[in-house]
Amino acid sequence: MPAFTQTELAERLGSGLLSFPVTHFTRDLAFDEPAYRENVVRLGKHEIAGLFAAGGTGEFFSLTPQEVGTVVRAAVGSAPEGTPILAPAGHGTAQAVEMARDAEAAGADGLLLFPPYLTEASADGLTAHVRAVCEATSLGVVLYSRANAVYTSDTVATLADTCPNLIGFKDGVGDLEEITRIHSRLGDRLVYIGGLPTAEAFALPYLELGVTTYSSAIFNFLPEFALAFYSAVRAGDRTKVRRLLDDVVLPYTAIRDRKAGYAVSIVKAGMDLTGHPAGPVRPPLTDLDEAERELLAGVIAASRTAIA
């Protein structure tokens with residue numbers, strides 16, 4: 001039995017900051033389970049509303065289905081009591097259904113449903129995809145809208161009506177008009193999660209649209225900064241938010257934008273630079289070079305000054 005009902009999970013996710021722990025690899029790119037477990041314990045000591053195991057920042061796309069199950073079980077077994085763990089489901093519909101069932105068997109508290117792999121799909125096809133996953137599990141499901149799976153307000157409303165365990169909508173597109181439509185139609189039926197990289201850059205305007213939380217990659221290596229930033233957003237402290245954006249977040253995104261895939265690579269570099277090494281990224285991603293690591297070290301130093 002999950003530790004949270006679907007309603008409790010939605011309320012918990014919307015009440016605070018969320019994060020995606022990186023997935024630790026050894027030098028030969030094997031999953032480093034002891035290091036991963038230790039990191040989940042570390043992150044769980046902070047005031048966090050939920051952790052997403054093997055998510056996008058956790059290199060879900062590079063893990064085998066068997067590895068996903070191993071990572072999810074490691075997270076479930078290591079998270080402090082009361083910290084929700086959400087597992088991923090994705091790729092084709094049949095694979096996503098299997099992942100959903102395995103996540104429930106592993107003791108996960110909920111699911112994040114990633115876009116189907118590669119192919120484009122119609123609204124009817126996406127509806128069938130989501131419905132199949134929701135019907136395969138009793139866990140609460142958060143829908144991730146991005147890339148080749150962009151869900152319109154009509155589609156989300158249909159799914160909310162027909163899938164009782166659909167509890168959340170995570171936006172990775174940035175279409176503010178569509179988010180406004182979805183929130184206007186569904187209100188508090190769903191929890192709304194910001195999912196654009198880097199989420200902090202969009203947190204303040206999203207809050208005005210009913211998006212009360214977001215998944216912070218920065219939390220992996222700068223948890224105190226990430227929580228201070230989130231607190232400023234929720235307090236509506238625009239002056240502080242803008243200062244932290246100028247001093248830390250925007251310089252961080254400038255490094256991230258130097259190369260495709262760096263949204264994950266920069267987090268692992270940050271882990272290493274702050275004394276919590278998580279190993280390299282797996283191909284097709286690439287690690288930051290030394291010059292970029294030096295720039296990131298400067299951002300890390302600035303973050304500590306910014307919240308001192």
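The values are calculated or read from the model by the stated rules, or taken from the named source; none is laboratory data. Here the structure is a predicted model, which is why all the values come from computation and not from measurement. Cβ: placed from backbone, ideal geometry, glycine included. Neighbour counts: every protein chain shown. These accessible areas exclude ligands, DNA and RNA; they are computed on the full protein's heavy atoms, side chains included. Shrake-Rupley method; radii C 1.70, N 1.55, O 1.52, S 1.80 Å.
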Of the conditions (1) at pLDDT below 95; (2) of a type in the set (Val, Ile, Thr); (3) within 26 Å of Ser216 (Cα to Cα), Thr119 fails just one. Which one is it? (3)
Scan the stretch 256-266 and give yes if some residue there is open to solvent by less than 60 Å² (accessible area, probe 1.4 Å), more than 22 Å from Leu13 (Cα to Cα) and outside any helix (DSSP H, G or I), otherwise no. yes
Leu139: passes all of (1) in contact with a Pro (Cβ under 8 Å, 6 or more places away or on another chain); (2) modelled with pLDDT under 95 but (2)
Which one is surrounded by the most Cβ atoms within 10 Å (Cβ to Cβ), of the residues in the stretch 212-235 that are assigned to a loop (DSSP other than H, G, I, E, B) and modelled with pLDDT of 95 or more? Ala217
Can you name the condition, by its number, that Ala201 falls short on among (1) assigned to a helix (DSSP H, G or I); (2) crowded, with 18+ Cβ neighbours inside 10 Å; (3) aliphatic (A, V, I, L, M)? (2)
Looking only at residues in the stretch 158-184 that are touching a Phe, Trp or Tyr at 6+ places or on another chain (Cβ under 9 Å) and acidic (Asp, Glu), which one is surrounded by the most Cβ atoms within 10 Å (Cβ to Cβ)? Asp171
Output for Cβ contacts, cut-off 6 Å, separation at least six or different chains, first residue more than 22 Å from Glu11 (Cβ to Cβ) in the stretch 70-95, second among the charged types (D, E, K, R), reads Ala74/Glu33; Ala74/Arg37; Ser78/Arg37
Among (1) in contact (Cβ under 8 Å) with a residue 24 or more places away in the chain; (2) open to solvent by 50 Å² or more (accessible area, probe 1.4 Å); (3) under 28 Å from Val233 (Cα atoms), which single condition is Glu8 missing? (1)
Inside the stretch 89-139, can you point out the residues that are open to solvent by 20 Å² or more (accessible area, probe 1.4 Å), in a helix (DSSP H, G or I) and not hydrophobic (A, V, I, L, M, F, W, C)? Thr93, Gln95, Glu98, Arg101, Asp102, Glu104, Asp124, Gly125, Arg131, Glu135
For the stretch 12-35, which positions are closer than 15 Å to Val211 by Cα, open to solvent by 40 Å² or more (accessible area, probe 1.4 Å) and of a type outside the set (Ser, Thr, Tyr)? Arg12
List pairs: first in the stretch 165-192 and closer than 21 Å to Ser15 by Cα, second buried (at least 17 other Cβ atoms within 10 Å of the Cβ) and of a type in the set (Lys, Arg), Cβ under 7 Å, 6+ apart or cross-chain? Gly172/Arg146
What's the number of the only condition in (1) out of contact with any Asp or Glu (no Cβ under 7 Å at 6 or more places or on another chain); (2) at pLDDT 95 or above; (3) more than 17 Å from Leu18 (Cα to Cα); (4) crowded, with 16+ Cβ neighbours inside 10 Å that Pro277 fails to meet? (4)
Residues Leu63, Leu43, Leu112, Leu29: which one is within 25 Å of Ser265 (Cβ to Cβ) and either in contact with a strand residue (DSSP E or B) (Cβ under 6 Å, 6 or more places away or on another chain) or modelled with pLDDT under 95 (or both)? Leu112
Which of the residues belonging to the stretch 140-149 are crowded, with 18+ Cβ neighbours inside 10 Å and hydrophobic (A, V, I, L, M, F, W, C)? Val141, Val142, Leu143, Ala149
Pairs only if they're at least six apart or on different chains, beta carbon under 7 angstrom, first in the stretch 43-69 and over 22 Å from Leu118 (Cα atoms) and part of a loop (DSSP other than H, G, I, E, B), second open to solvent by 40 Å² or more (accessible area, probe 1.4 Å) and polar (S, T, N, Q); list them, first residue then second. Ala49/Ser15
The condition from (1) under 20 Å from Gly195 (Cα atoms); (2) without any contact (Cβ under 8 Å) to a residue 60 or more places away in the chain; (3) not hydroxyl-bearing (Ser, Thr, Tyr) that Ala106 misses is numbered (1)
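Taking the residues in the stretch 187-198 that are open to solvent by 30 Å² or more (accessible area, probe 1.4 Å) and over 20 Å from the mean Cα position of the chain (by Cα) as candidates, determine which candidate is modelled with the lowest pLDDT.
From the stretch 187-198, those open to solvent by 30 Å² or more (accessible area, probe 1.4 Å) are 188-189, 197; that's our starting set.
Checking which are over 20 Å from the mean Cα position of the chain (by Cα) leaves us with 188-189.
Working: Asp188: 95, Arg189: 98.
Per the criteria, the residue is Asp188.
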